Structure formats: C-alpha cells, structure tokens
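Below: the structure, in structure tokens.
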Amino acid sequence: MNKYLKQYEWSNVGAMIKNDKKDPLICNDSFLNKLVVISGTTSGIGYYTAKAYASHGANLLIINRNEEKTKIQCEELSKNYNVKCDYIITDYTHLSQVIELGEKLNNLKEDIDVLIHNAGVYMTTRTFTDDGLEKVFQVNYLSSFILNYMLKDKLAAQEKARIIFVNSEGHRFAIAGLRLNDLDWKKHHYSGLKGYGSAKTAQLLSMITFTKFYEGTNVSINAMHPGNVSTNMGENNGKLYRFFKHRIVSPSSRSPEVSAQALYYLGVSKELDNVNGRFFNLTTEEIPAPHALDEEMAWKLWDKSIELGRV
Ligand SMILES: NC(=O)c1ccc[n+]([C@@H]2O[C@H](COP(=O)([O-])OP(=O)(O)OC[C@H]3O[C@@H](n4cnc5c(N)ncnc54)[C@H](OP(=O)(O)O)[C@@H]3O)[C@@H](O)[C@H]2O)c1
C-alpha cells in the first residue's frame, strides 16, 4: 500500500466537504496605494480578484499572456477605481519569458505588497511545452517556483510581503504523491486529475520549503483553494470533458467573486499577520493530504525545480 494512504486522516476530507459550503471571511480594510501583483486576470478568479483589490484602492500589476484583453482590463480598472494598473505580458509555457518576468519584477522600485500566483490550466491529455516539460506542471507550479525564488532578495528587503498560491483541493487526487522521477508521465498513465493534482501538490510542497527559505524575513506564504467556481478552467479541452463540466460540475459551482473575497481577506486582513505556510479552503484553514506534507520530498523537489527552472 502506498505510504501516504496509511497516513490519511479521513476526517480532513470530511472537513473539506463541510468547508466547501462555507462563505469566506470578509475584509473591508483599505489597501490604498499598495501594490498587488496577480497572474491570470483575463478571466475567472483572477479577473474578480484584480477588481476586488482595485476597489479597495490598490494599484495593480497584472501578468497575462493575452495582450489585447489585458490592455482593455487595465484601462477599465484604472478608470473605474482611480488606481494605477500596469501589465507585463508573459506566457507561462515559456520558461525564458517567466525568467524575464522575474527580472522585471525584481527591478521594480516599488514594494510588492501582495503577490498572487493564480494563472493555471487543466489538461485532460498529456501535453508538452517547448521547454519539453509537462504543461500543467510548468504553468501551475514551476512558474510560481521560479518567480518566488527569483524575488527572494527583493521581498525580504521589504517591510512586509504576502505571497498567496491559488492552489486546489484537487491536490488530493495525486494519491500516490509527486513522482519526481516521472514528471513527464512516461512511466505512468496520465489523466487530467492526476496531472493537475500533481502540479498542485508540487506547489504545496514548495510552500514547505519557501516557508523555511523566507524564515527570518517578513515574507509570508500561504495557499488556498478558491472553491468550486464557474470559470473558463478546462474549456480548452474536448467535448466530453466540457459536457461533464457543464452538466455535472457547473450546476453546483459558485461565482468566482467568492474566491476574490477570500483572496482579498488572505492578502490584507490583519488576522493573517504572522500566519505562514498554511492551506485554506477559501478562508478556513485545512490540513492538506499527506503527500503534500512530505518534507523530504519537498527538498528533493526544490533541487529539481532549480535545475528545471534554470535559476
Ligand atoms: N475554477 C475552480 O473551481 C478552481 C478550483 C480550484 C482551483 N482553481 C485554480 O484557480 C486558478 C484560476 O483559475 P480559474 O478557475 O479562474 O480559470 P480561468 O478562468 O481559466 O483563468 C485562468 C487564468 O490563467 C491564465 N493562463 C492560462 N494559461 C496561461 C499561460 N500559459 N500563461 C499565462 N497565463 C495563463 C488564463 O489566461 P487566458 O485567458 O489567456 O487563457 C486566465 O487568465 C487556477 O490556478 C486554478 O487551478 C480553480
């Protein structure tokens, strides 16, 4: 039997089901003139999160791959909320672009008060990027690793910074844990749930090591599940998947505005001062699955990510 199954606390799964129905805690504190960097704001959770921060006075730096949509969004946000909105176009399927983004963020004169890693993708079939990496792993995990790693000195020098991973309860689907020796799924059968679960698991494992890495600084790093919300996630897949999504999953989905409220709370509320390395279902703390808590694996992944990310 796989070692993680023996460690499973089934009550944590029960808690997840219960927490899924809860509303997030609300924070209405101002975030005037603070800077928030968010990836993946052209739709869904990122779109409403950018709005939530702007409506509380924050300036935005949004990171997207679609320039046309991004430009319109930035203009709307700055006009509607009287805030500054800048953008950097980056496609997370290209490592060189992510490294370039890291350099640009590092060169910012302003502090980054909140950094939200939100961009993500779901693929039902195994797909590779031009860098030769499995796409979901690269977009959902490795890019956020590279950016956090590159921004270490800048963030540590600030009075304070919060990093938030938009993660997922879907990490629980990687029941066998992260297979570091088969990240390209050549030895094991790939499925959408397993690929997605592995990438989200990798991100949770990186939270363990980043929490240690940033020790002694004022940088906190937490992860959250944004709820089951209706967005464009998975729409890039085939008819069968979309049928399942629209008929089975979507009827019980909530609005991504709920996720945005939670992301505002986690980024701004004073209740989160000194809270570090935790996983939240919206704003309720939960214990991740055992395979996402394996510290030995987390350090192995650390070394592998530095090698793959060329940082
Ligand atoms: N929806 C849910 O129920 C749910 C549940 C758990 C976790 N999540 C997580 O929530 C996050 C946001 O997803 P969402 O549900 O809001 O989905 P979404 O509407 O599809 O938004 C995803 C965002 O990521 C961007 N993105 C995708 N591939 C990219 C790439 N290669 N480079 C740069 N940006 C890229 C998309 O840009 P384009 O517009 O250009 O495609 C979009 O802005 C993801 O990390 C997802 O895993 C969602």
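Among the residues making up the range 133-169, a single one is of a type in the set (Lys, Arg), open to solvent by 20 Å² or more (accessible area, probe 1.4 Å) and outside any helix (DSSP H, G or I): 160.
The residue pairs whose first member lies in the range 279-291 and is within 18 Å of residue 23 (Cα to Cα) and without any contact (Cβ under 8 Å) to a residue 12 or more places away in the chain, whose second member is part of a loop (DSSP other than H, G, I, E, B) and open to solvent by 20 Å² or more (accessible area, probe 1.4 Å), and whose beta carbons are closer than 6 Å, counting only pairs six or more residues apart or on different chains, are 285/278. For the range 170-224, the set of residues classified as part of a helix (DSSP H, G or I) and of a type in the set (S, T, N, Q) consists of 181, 198, 201, 203, 206, 209, 211, listed by residue number. Among residues of the range 161-176 being touching a residue at least 60 places away in the same chain (Cβ under 8 Å) and of a type outside the set (A, V, I, L, M, F, W, C), the one that is farthest from residue 6 (Cα to Cα) is 162.
With respect to the conditions (1) among the polar types (S, T, N, Q); (2) within 15 Å of the ligand (Cβ to nearest atom); (3) buried (at least 18 other Cβ atoms within 10 Å of the Cβ), residue 59 lacks only one, and its number is (2). Just one of (1) touching a Gly at 6+ places or on another chain (Cβ under 9 Å); (2) farther than 30 Å from residue 27 by Cβ; (3) open to solvent by 40 Å² or more (accessible area, probe 1.4 Å) fails for residue 95. It is (3).
Among the residues of the range 37-51, just one is away from the ligand (no atom under 12 Å from the Cβ) and open to solvent by 20 Å² or more (accessible area, probe 1.4 Å), namely 51.
Can you confirm whether residue 9 is more than 10 Å from the ligand (Cβ to nearest atom), open to solvent by 80 Å² or more (accessible area, probe 1.4 Å) and in contact (Cβ under 8 Å) with a residue 40 or more places away in the chain? Answer is yes for this residue.
Checked against the criterion of being within 15 Å of the ligand (Cβ to nearest atom), out of contact with any Ser or Thr (no Cβ under 8 Å at 6 or more places or on another chain) and open to solvent by 60 Å² or more (accessible area, probe 1.4 Å), the candidates 18, 71, 109, 34 yield just one match: 71.
Listed here are the residues, each with its yes/no results for (1) hydroxyl-bearing (Ser, Thr, Tyr); (2) within 16 Å of the ligand (Cβ to nearest atom); (3) in contact with a Phe, Trp or Tyr (Cβ under 8 Å, 6 or more places away or on another chain).
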residue: 76; (1), (2), (3): no, yes, no
residue: 88; (1), (2), (3): no, yes, no
residue: 95; (1), (2), (3): no, yes, no
residue: 98; (1), (2), (3): no, yes, yes
residue: 119; (1), (2), (3): no, yes, yes
residue: 155; (1), (2), (3): no, no, yes
residue: 180; (1), (2), (3): no, no, no
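For the range 200-259, name all the residues that are open to solvent by less than 10 Å² (accessible area, probe 1.4 Å), among the polar types (S, T, N, Q), more than 10 Å from the ligand (Cβ to nearest atom) and within 22 Å of residue 44 (Cβ to Cβ). Within the range 200-259, 201 is the sole residue that qualifies. Applying the condition of being open to solvent by less than 60 Å² (accessible area, probe 1.4 Å) and within 12 Å of the ligand (Cβ to nearest atom) to the range 121-132 and asking which residue is farthest from residue 233 (Cα to Cα) yields 131.
The values are calculated or read from the model by the stated rules, or taken from the named source; none is laboratory data. Fair warning: this is a prediction, and the values are worked out from it, not measured in the lab. Heads up, the Cβs are rebuilt from the backbone with ideal geometry, glycines too, and the neighbour counts pull from every protein chain shown. When the accessible area is computed, the model is the full protein with side chains, heavy atoms only, and any ligands, DNA or RNA have been set aside. Shrake-Rupley method; radii C 1.70, N 1.55, O 1.52, S 1.80 Å.
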